[in-house]
Amino acid sequence: MNRLVEVRATEDIFNEYKDTPIGLLLEYHNLGRQYDSITKAQLLVGMCMDNRKSLKIPDNFAYILRSGGGNLRYSEFKVSYAIAIGGVKVIALIAHNNCGMVNLVSKRENFIDGLVNTAGWDREWAEEHFTHFAPMFEIGNEIDFVLSEAKRLRNRYPNILIAPLYYNLDDNLLYLIKEDNEKTEK
């Protein structure tokens, strides 16, 4: 976890995010900044569908896309829509600890049993479903994944500011992530 940077004061926010919607996101969520009156979305947030996380942000502040692991590969049209029609110029990608999309193989039998017992699926269909889709949604390590997703989206949308962040379920705070390129100075 040495790549994570706590944000307990505005001075902790990386320079490239200060005075941007990412800085505001961190101030609202972590620092209890009083909500501004917002009429137009300032950013797009891509985050996991996990029910244990909730952002403290004002109404209308962000478009929010939730998907397993925060994986936006299969939501790219929605990302493009938020940029092209919604006018957002900033994306926050938020990973979190203890993500269910990590090590999906270990959840194979529970997944299949759940579809059979809860949804009424035929076991063979459930097995095929898992075999087909699990590789598409497996994210590996949460931090490595969010960094690779940020890089992928930066290549796809070169004029958009994209910030990989980390939601810690233990303290419900957002953390900055030090990237290998060390552009993240305070």
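Please specify each residue of the stretch 111-122 satisfying the condition of being in contact with a His (Cβ under 9 Å, 6 or more places away or on another chain) and either among the charged types (D, E, K, R) or open to solvent by 60 Å² or more (accessible area, probe 1.4 Å) (or both). The answer is 111, 121.
For every residue, the table says whether it meets (1) modelled with pLDDT of 95 or more; (2) over 12 Å from the mean Cα position of the chain (by Cα).
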| residue | (1), (2) |
| --- | --- |
| 152 | yes, yes |
| 155 | yes, yes |
| 158 | yes, yes |
| 163 | yes, no |
| 166 | yes, no |
| 170 | yes, yes |
| 181 | no, yes |
| 185 | no, yes |
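Checked against (1) at pLDDT below 95; (2) under 17 Å from the mean Cα position of the chain (by Cα), residue 17 passes all but a single condition, namely (1).
Residue-by-condition table, conditions (1) free of Cβ contacts under 8 Å to residues at least 12 places away in the same chain; (2) touching a Ser or Thr at 6+ places or on another chain (Cβ under 6 Å); (3) part of a loop (DSSP other than H, G, I, E, B); (4) open to solvent by 60 Å² or more (accessible area, probe 1.4 Å):
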site	(1), (2), (3), (4)
101	no, no, yes, no
106	yes, no, no, yes
109	yes, no, no, yes
124	yes, no, no, yes
130	no, no, no, no
134	no, no, no, no
140	no, no, yes, no
147	no, no, no, no
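If you check residue 95 against the conditions, is it touching a Phe, Trp or Tyr at 6+ places or on another chain (Cβ under 9 Å) and more than 20 Å from residue 139 (Cβ to Cβ)? For residue 95, the condition - touching a Phe, Trp or Tyr at 6+ places or on another chain (Cβ under 9 Å) and more than 20 Å from residue 139 (Cβ to Cβ) - is not met. Taking the criterion of being of a type in the set (Lys, Arg), in contact (Cβ under 8 Å) with a residue 40 or more places away in the chain and within 24 Å of residue 6 (Cα to Cα), the residues of the stretch 23-79 that qualify are 52, 53.
Applying the criterion of being more than 17 Å from residue 163 (Cβ to Cβ) and of a type in the set (S, T, N, Q) to the residues of the stretch 1-39, the residue that is most open to solvent (accessible area, probe 1.4 Å) is 34.
Report whether or not residue 93 is part of a helix (DSSP H, G or I), among the aliphatic types (A, V, I, L, M), surrounded by 17 or more Cβ atoms within 10 Å (Cβ to Cβ) and touching a residue at least 12 places away in the same chain (Cβ under 8 Å). Considered against the rule, which asks whether it is part of a helix (DSSP H, G or I), among the aliphatic types (A, V, I, L, M), surrounded by 17 or more Cβ atoms within 10 Å (Cβ to Cβ) and touching a residue at least 12 places away in the same chain (Cβ under 8 Å), residue 93 comes out as no.
The values are calculated or read from the model by the stated rules, or taken from the named source; none is laboratory data. What you see is a predicted model, and the numbers here were worked out from it, not measured in a lab. For neighbour counting, all protein chains shown are included, and Cβ atoms are generated from backbone atoms with ideal geometry for every residue, glycine included. Only protein heavy atoms, including side chains, enter the accessible area calculation; ligands, DNA and RNA are left aside. Shrake-Rupley method; radii C 1.70, N 1.55, O 1.52, S 1.80 Å.
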